[in-house]
Amino acid sequence: MTHSLIRPTRRKLLTMTAGAALATPFLSIRASAQTVNLSMLAWYGHAEPDIVGAFEEANNVKFTPKYYTGGDNMLGLIAQSPPGTYDVILSDGEYVQQLNGAGYIQELDPADYPFDDFFPEFQKFPGHWVDDKLYSVITRFGFLGVAYNTDAFTEEEASTYAVYADDRAAGKLGHFDWHLPNLGQMSLWNGNPSPYDIDSAAWDAVQETAMGLRPQVGGFFDYGGTFSSLESGQMTLFSGIGDWITGVLEKNGAKVRSVIPKEGGLQFTESFSIGKGTQNYDMAKKWIQYITSPEGQAKSANMAAYPALIPSEAGWKVLNDTNPAEAKRQNMVLGVRNVMDMIREGLIQYRQLPVQQDLGDWNDFWSDYKAS
């Protein structure tokens with residue numbers, strides 16, 4: 001947690017002797033500057049000191065975070081709050097259109113943000129723009145594939161979703177408890193090239209595939225439970241996640257890793273918007289400018305809570321200069337085959353909301369699946 005600087009009270013300043021006041025002219029100026037309280041709705045980690053500490057100190061800001069798990073939870077928290085409750089909102093890319101449609105976020109000026117630093121694929125990211133109007137700025141992304149215990153399975157064995165049905169995984173297959181990534185993987189396994197744009201027959205087949213795995217499943221886990229069950233070896237395979245979880249564990253010595261299987265992987269995308277009704281628009285804008293700067297991007301890639309890929313090519317260069325081992329671990333090295341090539345080769349599909357079914361249909365099935 002961050003800690004506020006201890007400053008003299010106004011009464012104490014007024015009672016200082018003239019000589020003391022003259023000896024410390026900047027103290028009273030700093031004490032009189034009012035700290036800006038910036039509220040953030042985000043996944044865990046985005047308002048922790050390793051990410052926001054330098055910005056807070058440089059701008060006399062104090063972040064107040066509200067953390068969520070999953071886009072549905074995020075939407076519910078905003079719906080229950082008065083306008084202006086959240087100054088900055090970090091959301092998964094597929095939920096930006098819902099935030100915009102509900103009037104929860106403000107239009108942004110593209111000229112305020114360093115899109116020229118970004119790879120072309122991310123300069124006008126789908127769903128973040130409506131009729132050439134910008135509503136959210138992509139800050140990081142990551143791939144979802146098969147997460148596995150390296151003592152239990154080899155990388156080759158884990159390079160297909162079929163490993164979820166392996167006899168050795170009976171009772172040891174975990175699910176990150178969110179329908180979109182898990183059912184998206186089931187759809188890829190079934191051979192759907194656009195895993196979220198499927199007709200009713202394909203949707204029935206996805207449900208059948210998932211139900212066939214139900215005897216394998218050892219549990220449905222939140223963010224913390226996913227970490228602990230993988231680290232302890234309680235679960236040896238995990239569906240619905242990727243390096244954003246296994247990367248933290250791997251760097252701390254756990255025998256876990258993620259791989260994109262031959263059927264393809266999913267991409268999650270995180271972006272910042274400014275909340276409708278904020279009283280701190282300028283500071284919120286300044287924050288997004290900071291986290292999308294080359295230095296902010298390199299910091300975001302190595303976030304303590306969970307690592308991620310970054311859309312800024314300039315950020316890649318800073319990361320390679322300051323932390324080449326992490327740049328290599330996450331496959332963000334320029335001049336060799338890297339994660340951008342995986343996207344360009346079609347191995348990765350964007351995670352999105354279902355196109356031909358109502359989102360509630362997927363949510364209802366997930367509830368039935370867990371209860372079965």
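Among the residues of region 244-258, the one identified as in contact with a Gly (Cβ under 6 Å, 6 or more places away or on another chain) and either among the charged types (D, E, K, R) or farther than 25 Å from Phe125 by Cα (or both) is Ser258. Of all residue pairs spaced 6 or more apart or on separate chains, those with beta-carbon atoms under 6 Å, a first member in region 40-62 that is open to solvent by less than 50 Å² (accessible area, probe 1.4 Å) and a second member that is part of a helix (DSSP H, G or I) and not hydrophobic (A, V, I, L, M, F, W, C) are Phe55/Tyr290.
Scanning region 265-312 for residues that are in a loop (DSSP other than H, G, I, E, B) and under 24 Å from Asn331 (Cα atoms) returns Thr292, Ser293, Asn302, Met303, Ala304, Ala305, Tyr306, Pro307, Ala308, Ile310, Pro311. Residues considered: Asp131, Asp117, Asp109. Of these, the only one that is open to solvent by 40 Å² or more (accessible area, probe 1.4 Å) and modelled with pLDDT under 95 is Asp131. Only one of Ala314, Ala304 is exposed (fewer than 15 other Cβ atoms within 10 Å of the Cβ), of a type in the set (A, V, I, L, M) and in contact with an Asp or Glu (Cβ under 6 Å, 6 or more places away or on another chain). Can you tell me which? Exactly one residue qualifies, and that residue is Ala304. I need the full set of residues from region 320-372 which are hydrophobic (A, V, I, L, M, F, W, C) and in a helix (DSSP H, G or I), in order please. Those that are hydrophobic (A, V, I, L, M, F, W, C) and in a helix (DSSP H, G or I): Ala325, Ala327, Val339, Met340, Met342, Ile343, Leu359, Trp362, Phe365, Trp366, Ala371. Just checking, does region 253-268 include any residue being among the hydroxyl-bearing types (Ser, Thr, Tyr) and within 19 Å of Asp92 (Cα to Cα)? No, region 253-268 contains no residue that is among the hydroxyl-bearing types (Ser, Thr, Tyr) and within 19 Å of Asp92 (Cα to Cα).
When the criteria are applied in full, Lys262 fails the requirement of being part of a helix (DSSP H, G or I) and among the basic types (Lys, Arg). Checking the stated criteria, Tyr67 turns out to be assigned to a strand (DSSP E or B) and more than 19 Å from Gln279 (Cα to Cα).
For region 180-190, the criterion of a residue being at pLDDT 95 or above and over 19 Å from Gln349 (Cα atoms) is satisfied by no position.
Within region 134-149, the set of residues being open to solvent by 10 Å² or more (accessible area, probe 1.4 Å) and closer than 20 Å to Tyr281 by Cα comprises Tyr135 only.
In the condition set (1) over 25 Å from the mean Cα position of the chain (by Cα); (2) closer than 20 Å to Tyr306 by Cβ, Leu180 is compliant with all but (1).
Do we have Gln330 as more than 26 Å from Ser200 (Cβ to Cβ), within 22 Å of the chain's Cα centre (by Cα) and in contact (Cβ under 8 Å) with a residue 40 or more places away in the chain here? Spelling it out, Gln330 is indeed more than 26 Å from Ser200 (Cβ to Cβ), within 22 Å of the chain's Cα centre (by Cα) and in contact (Cβ under 8 Å) with a residue 40 or more places away in the chain.
When residues of region 166-191 are filtered for being over 15 Å from Asp204 (Cα atoms) and aromatic (Phe, Trp, Tyr), how many remain? Residues meeting the conditions: 2. If the condition is being hydrophobic (A, V, I, L, M, F, W, C) and in contact with a strand residue (DSSP E or B) (Cβ under 9 Å, 6 or more places away or on another chain), then region 54-76 contributes Phe55, Val61, Phe63, Met74, Leu75. Taking the criterion of being crowded, with 20+ Cβ neighbours inside 10 Å, of a type in the set (Ser, Thr, Tyr), closer than 23 Å to Val146 by Cα and touching a Gly at 6+ places or on another chain (Cβ under 8 Å), would at least one residue in region 274-292 satisfy it? No; the residues of region 274-292 include none that is crowded, with 20+ Cβ neighbours inside 10 Å, of a type in the set (Ser, Thr, Tyr), closer than 23 Å to Val146 by Cα and touching a Gly at 6+ places or on another chain (Cβ under 8 Å).
Of all residue pairs spaced 6 or more apart or on separate chains, those with beta-carbon atoms under 8 Å, a first member in region 86-97 that is of a type in the set (Phe, Trp, Tyr) and a second member that is assigned to a helix (DSSP H, G or I) are Tyr86/Ile78; Tyr95/Gly71; Tyr95/Met74; Tyr95/Leu75. Exactly one residue out of Glu345, Glu295 is charged (D, E, K, R) and within 25 Å of Leu90 (Cα to Cα), and it is Glu295.
Would you mind stating whether Gly171 is out of contact with any Ser or Thr (no Cβ under 8 Å at 6 or more places or on another chain) and within 18 Å of Ala371 (Cα to Cα)? When the stated conditions are applied, Gly171 passes them. Just so you know, in region 239-258 the residues that are more than 18 Å from the chain's Cα centre (by Cα) and of a type outside the set (Lys, Arg) include one that is farthest from Ala152 (Cα to Cα), and it is Asn252.
The values are calculated or read from the model by the stated rules, or taken from the named source; none is laboratory data. Small disclaimer: the values here were computed from a predicted structure and weren't measured. Neighbour counts are summed over all protein chains in view; Cβ atoms, including those assigned to glycine, are modelled from backbone coordinates with ideal geometry. Calculation scope for accessible area: heavy atoms of the full protein, side chains included, ligands and nucleic acids excluded. Shrake-Rupley method; radii C 1.70, N 1.55, O 1.52, S 1.80 Å.
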